[in-house]
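First the structure, in the form of structure tokens, and then the observations on it.
The values are calculated or read from the model by the stated rules, or taken from the named source; none is laboratory data. The shown structure was predicted, so the numbers you read here are calculated from the model rather than taken from an experiment. When we count neighbours, we look across all protein chains shown, and the Cβ atoms used for this are built from the backbone with ideal geometry, even at glycine. The accessibility values were calculated without ligands, DNA or RNA, using every heavy atom of the protein model including side chains. Shrake-Rupley method; radii C 1.70, N 1.55, O 1.52, S 1.80 Å.
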Amino acid sequence: MRYLPFTAQDRSDMLSVIGVDNVDALYCDVDPDVLLSQPVDLPKHATELSVERNLTSLARQNTVAGEVPFFIGAGAYRHHVPATVDYLIQRGEFLTAYTPYQPEISQGTLQALFEFQTQVAQITGMDVANASLYDGSTGCGEAVLMARRITRRKKAVLSGGLHPQYRDVVKTVTTFTDDDVVINPPAPTADEDLIAQIDDETSCVVVQYPDFFGHIQDFSALAAAAQEKKALLVVVVTEIVSLGAISSPGAMGADIVVGEGQSLGNGLNFGGPYLGLLATRQKYVRQMPGRLCGETIDAEGRRGFVLTLSTREQHIRREKATSNICTNSGLCSLAFSIHLSLLGEKGYRQLAALNHARAVQLAERLELIEGVEILNAAFFNEFTIRLPRPAAEVVNTLAAQNILAGVPVSRLLPQQHMDDLLVVAVTETVQDEDMMALEAGLKEVLS
Amino acid sequence: MNRQGRPTTSGAEQGPTGVVETVSGHQGLALEEPLLYERGSPEMTGVDLPEVPAVTSRLGQMGREGDIGLAGLSEPDTLRHYTRLSRQNYAIDMGVYPLGSCTMKHNPRLNEKMARLPGFTDIHPLQPEETVQGALGLMDMLGHWLKTLTGMPGVALSPKAGAHGELCGLMAIRAALEAKGNARKVVLVPESAHGTNPATAALCGYQVQSIAATSEGRVDLAALKEALNEDVAAVMLTNPNTCGLFERDIINIAEAVHAAGAYFYCDGANFNAIVGKVRPGDLGVDCMHINLHKTFSTPHGGGGPGSGPVVFSEALVPYMPRPLVEWRDGGFTMEETDEDSQSFGRLTAFHGQMGMFVRAMSYMLSHGADGLMQVAEDAVLAANYVMASLSDVMTASYAGPCMHECLFDDRFLKDSNVTTLDFAKAMIDEGFHPMTMYFPLVVHGAMLIEPTETESKKNLDEFITSLRGLVAAATQGDNDRFSAAPYLAPRRRLDETAAARKPILRWSPPPASTTN
């Protein structure tokens, strides 16, 4: 087998050094009744060529986003990732290293994390960011738990603009704690009043920006109202490119910002691996979940980096840790950071402007179609349209014509009487002919 | 032994490797690299984007004002920055990485190639299901392999890493107990457990009660039986355990746990020792997470991403999280939570770490059932070989045979001034990544060595020879070699205390030019 270097001679020499006759003697602590003598009932080993054929045939059964007009977002976005990014993250020194527990021989990973934390803090407008979490949705759960630790209160208020699956994750992680999670009904027209729901028991209010339906709202007044009641404002950003165009959550007064960082450096990958971002104010650093990288010096006074404040973490604090997280999204954070370094301030702003402009162009086309209504007063690269027919049917019909038109709201919010709503996303990868195809397809389906 | 010019004085004037002071600060191929913010500038960009079409903005009043402060690099500088950083890392590709409990095995590049097929990487989790049948088919296949290898009837693929898998398992256990009307209060965890175990139990609202180990490094069955009562919800046990030993009493433990009305969570971090050889389902396990980034070779990436699918016994299947891949009406579908379901709900947005599923599947297909059995046997053989080759000079904590990793403690250093930390740092100078140190907590100055099955005998022999040399140096009183090690790494020992006392967690612009 190509990954196993021992020869038969090696095995026999090693067994004699150990002083046993065969390898099963090393399994002497296993009850013989449960020690398998034959391989389990699965296919035998396969050549590289055969594995490649097998998996390629599965891959071919999927419709590739880049090969069709594609308008799906809702928490995962298709952006162009420069070739440099994927080359660099495949360098074995990054790819095949573990969590940097030995800082003297992990400075590459650590310095990249320090730069990543800086970039995340800058774009979110916050003081500090951690070294990543699994993804935005689990980050959202962590933020709610973090707010509870800080405020010592139990009531979290979730906006109806929060991605429905993020809402579900918060529900899950608080199932068996005594947190009181107030879930607002989905708000496709962004008309909810959250300020009225903040009281002296409220630990945090969780909003999304831009929200699940694409609305961009100013949460400054909400932040002020939360602050007055000593509650925290948690702002969730699922499309991190947006912050190149719209005001930062920090500038609005957010206390914790949670992001899904997939948009930069990372592909769609059918939902994972993605990249959880978490940023906050300096004063809450010791309540953060996850790894943190910090600057220090070595024995010769040279600058270096280490994982720090680990007394918050499970391997030190065990059941009193701020989170149970261990492995996070190291390589995805590297891809994010490389992409953002390539973009720089100028490229990031331009990429955001381009996304918005392309989305406006599509909105202008679609709102001219009879029966189609755009619900958003303000949006970034994603908006919600109301159709005269169930959106799921429309999407399926267009999918049969190889147009992936968006996400029917009913897919994530079934039984909410929102069958006529479709969330449409546009990034820089969408071309004019894609927009024309969607426009023509919609006209035909709706006629 | 001083062939690389290691200084015998602690003087920094000679430079870290005792070679010439340079004007640039670089030392030949040992290239220093400034921070992104020192190399780059806000004006620089390494991408050329299309022009932005002129449109009427629909951002409302929310346009971002002021500078963000991001630094940009040209494309050539980007390559150079990250290439230089990469060279300051140790990695599996460079040498033996015997980090106990982490299974740092070879990461086949076929897996990377497969994960990058556009049909896997360029598909959206919310595409219509008819357009992603191949992806769902792959998930179903992975689930089938994991269930078959573990002898368990249910699998949930969505957990994002090992600790997330633990959460998944304990949530299902608690949901099952609540359905019976009593969630109970306590989870029993051995002293030797990974820190994630008690942290996860606490996250599920349980009190953690520690159970003692025997002098043979295994769970004390009598102590466990004594602790079991109607308040105990579950026992979380790693098997093989973190001392590198198979829990001999595991079947009796499972029976006792079940007799008390509790569930048996197995931490599958060490599955590599028994994959294809022992099915946890045959041991009475109720649920177990599997770190695809350990046993099934998906790369660790400097700290993730991982993937932690969980397998379940019949008793817990109704409580598994959603979504689950199901075959229905001639096609695959994602089953979401419905009203009748007893599922505890959703653990993450979308459906898990697809990129890792493809890599793991590529690895499993390559090995096949026969090859995976060989993986376990070779991993156990390698660890026992290392143990046998070092036991005369280092102090093994427990009698063998061990499983895929071997545990030493610091008794062999007791007459020297060398600590476990010093010893580990001296291994860096020898060109090896240190073993896991100070874990598990049940022995003093623990050194947990996991060689994995992908090291050749030659590599193992070189490793053993180096360690024996270090032991000799330590016991002969060559303290300098250890107390200030490493000498030959990109950095000397780093001041972690200073880092924690006054944390600097980001770059900030020099005060004079502060802009916001």
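Calculated from the alpha-carbon coordinates, chain A shows an Rg and a Dmax of 25.1, 83 Å respectively.
Any chance you could tell me what percent of the C-alpha pair distances in segment A:309-447 go past 20 Å? Mind dumping the intermediate values first?
Numbers: 5727 of 9591 pairs.
Percentage above 20 Å: 60.
Applying both filters, DSSP loop and at most 16 other Cβ atoms within 10 Å, to the trypsin sites (Lys or Arg not before Pro) of segment B:410-516 gives B:Lys414. Any chance you could tell me what percent of the C-alpha pair distances in segment B:257-353 go past 16 Å? The proportion of pairs with Cα distances above 16 Å equals 66 percent. Note on the protein assembly as shown: Kirkwood hydrodynamic radius from all Cα pairs is 28.6 Å, rounded to one decimal. Please compute the Kirkwood hydrodynamic radius of segment A:1-107 from all pairs of different C-alpha atoms, in Å with one decimal. Taking every pair of different Cα atoms in segment A:1-107, averaging 1/r and inverting gives 20.5 Å. Assuming R0 = 25 Å, can you tell me the calculated FRET efficiency for the pair B:Glu496 and B:Gln27, based on Cβ-Cβ distance, to the nearest 0.05? Efficiency, rounded to the nearest 0.05: 0.55. Here's the picture: charge each Lys and Arg Cβ at +1 and each Asp and Glu Cβ at -1 in segment A:83-339, and of A:Val182, A:Ile316, A:Val144 the one pushed furthest to the positive end of that dipole is A:Ile316. Close amide H pairs (under 5 Å, H built 1.01 Å from N) link A:Tyr98 with B:Gly302, residues at least 5 positions away or on another chain. Note on segment B:368-493: dipole from Cβ charges, positive end direction compared against B:Gly477, B:His433, B:Thr395; the farthest Cα belongs to B:Gly477.
Annotation: amide H of A:Val182 within the under-5 Å range of A:Ala156, A:Val157, A:Leu158, sequence separation 5 or more or interchain, hydrogens built in the peptide plane.
How many lysine pairs in segment A:83-339, separated by 8 or more positions in sequence or lying on different chains, have Cα atoms less than 17 Å apart? Write out the running numbers ahead of the final one.
Values: A:Lys154/A:Lys171; A:Lys154/A:Lys229; A:Lys154/A:Lys230; A:Lys155/A:Lys171; A:Lys155/A:Lys229; A:Lys155/A:Lys230; A:Lys230/A:Lys283.
Final tally of qualifying lysine pairs is 7.
Loop-only GluC sites (Glu not before Pro) in segment A:25-103, please: DSSP not H, G, I, E or B, and at most 16 other Cβ atoms within 10 Å. Let's see the in-between values first.
Numbers: sites: A:Glu48, A:Glu52, A:Glu67, A:Glu93; in loops: none.
Here no GluC sites (Glu not before Pro) fit, given the DSSP loop and packing criteria.
Say the dipole of chain B comes from +1 at the beta carbon of Lys and Arg and -1 at that of Asp and Glu; which of B:Gln353, B:Ala424, B:Pro486 then lies farthest toward its positive end? Farthest towards the positive pole: B:Pro486.
For peptide B:452-458, what's the mean number of Cβ atoms from other chains within 10 Å of each residue's Cβ? Mind showing how you got there, number by number?
Values: counts 0, 5, 4, 2, 5, 8, 2.
Taking the mean over all residues of the peptide, I get 4.
Annotation note: trypsin sites (Lys or Arg not before Pro) in segment B:137-227 located in DSSP loop regions with a Cβ neighbour count of at most 16 within 10 Å are B:Lys180, B:Lys185. Among A:Ala129, A:Ala65, A:Ala223, the largest mean-square fluctuation in a Gaussian network model of chain A, built with springs joining Cα atoms closer than 10 Å, belongs to A:Ala65.
Here's the list of aspartates and glutamates a cross-link from A:Lys44 could span, going by alpha-carbon distance under 13 Å and ignoring same-chain residues fewer than 8 apart: B:Asp370.
For A:Cys326, the residues whose amide H sits under 5 Å from its own are B:Ala163, ignoring neighbours fewer than 5 places away on the same chain, with H placed 1.01 Å from N. Long hydrophobic helices in chain B: the complete DSSP H runs spanning 20 Å or more by Cα along their own axis with mean Kyte-Doolittle hydropathy of at least -0.5 are B:133-150, B:162-179, B:354-390, B:457-475.
Per residue of A:271-280, other chain Cβ atoms within 10 Å of the residue Cβ number 6 on average. Here the average projected area of the convex hull drawn through the C-alpha atoms of segment B:368-493 stands at 8.3 nm². Taking the 1.4 Å solvent-accessible surface of segment B:368-493 as the whole, the part contributed by carbon and sulfur is 49%.
Relative to the Cα centre, the charge distribution of segment A:83-339, modelled as +1 at Lys and Arg Cβ and -1 at Asp and Glu Cβ, gives a dipole magnitude of about 740 debye. Structure remark: mean-square fluctuation, Gaussian network model of chain A, C-alpha springs under 10 Å; the largest value among A:Asp31, A:Asp211, A:Asp135 belongs to A:Asp31.
Surface composition of segment B:269-325: carbon plus sulfur atoms hold 46% of the accessible area, using a 1.4 angstrom probe and ignoring ligands, DNA and RNA. The mean number of partner chain beta-carbon atoms within 10 angstrom of a residue's beta-carbon across peptide A:244-253 is 3. Sequence neighbours fewer than 8 away in the same chain don't count; with that in mind, list the lysines whose C-alpha is under 19 Å from B:Lys180. Partners found: none. Straight-line cross-link partners of B:Lys425 among the lysines, defined as a Cα under 21 Å from its Cα and at least 8 positions apart when in the same chain: B:Lys414. Across segment B:111-364, the mean sequence separation of Cα contacts (distance under 8 Å, 6 or more residues apart), normalised by length, yields a relative contact order of 29 percent. Between A:Tyr101, A:Tyr134, A:Tyr284, the Gaussian network model of chain A with springs among Cα atoms under 10 angstrom shows the greatest mean-square fluctuation at A:Tyr101. Karplus-derived 3J(HN,Hα) values for segment A:16-28, using 6.51 cos²θ - 1.76 cosθ + 1.60 with θ = phi - 60°, are 5, 4, 5, x, 10, 7, 8, 5, 5, 5, 6, 9, 5 Hz; glycine and proline are entered as x.
Placing +1 on each Lys and Arg Cβ and -1 on each Asp and Glu Cβ, with no other charges, gives segment B:265-325 a dipole about its Cα centre of roughly 180 debye. Look at where the Cα atoms of segment B:442-485 and of segment B:196-244 average out, and the two centres are 31 Å apart. Projected label points at B:Ser456 and B:Glu216, each 7 Å from Cα along the beta carbon direction, are separated by 3.9 nanometres.
Taking R0 as 45 Å, what's the FRET efficiency between B:Glu75 and B:Ser483 from their Cβ-Cβ distance, rounded to 0.05?
Efficiency at R0 = 45 Å is approximately 0.50.
Mean silhouette area of segment A:167-215, derived from the convex hull of its C-alpha atoms and averaged over all directions, reads 3.9 nm². Extending 7 Å from the Cα toward the beta-carbon at both B:Glu326 and B:Glu191 defines two label points whose distance is 4.8 nm. Pop the C-beta distance of B:Lys180 and A:Lys44 into the FRET formula with R0 = 56 Å and round what comes out to the nearest 0.05. Efficiency for this residue pair is about 0.85.
In this label model, A:Ser220 and A:Glu367 are separated by 2.4 nm, measuring between points 7 Å along each Cα→Cβ vector. Exposed loop positions in chain B were taken to be GluC sites (Glu not before Pro) whose DSSP state is not H, G, I, E or B and which have at most 16 other beta-carbon atoms within 10 angstrom. Between these positions, the longest stretch is B:340-516. Simple point charges give the picture: +1 on the Cβ of Lys and Arg, -1 on the Cβ of Asp and Glu, and for segment B:368-493 a dipole about the Cα centre of about 500 debye. Highest-first packing order for the peptide set A:363-370, A:420-427, B:433-440 is A:420-427, B:433-440, A:363-370, based on the mean count of other beta carbon atoms within 10 Å. Using only Cα coordinates, the Kirkwood hydrodynamic radius of segment B:111-364 works out to 18.5 Å.
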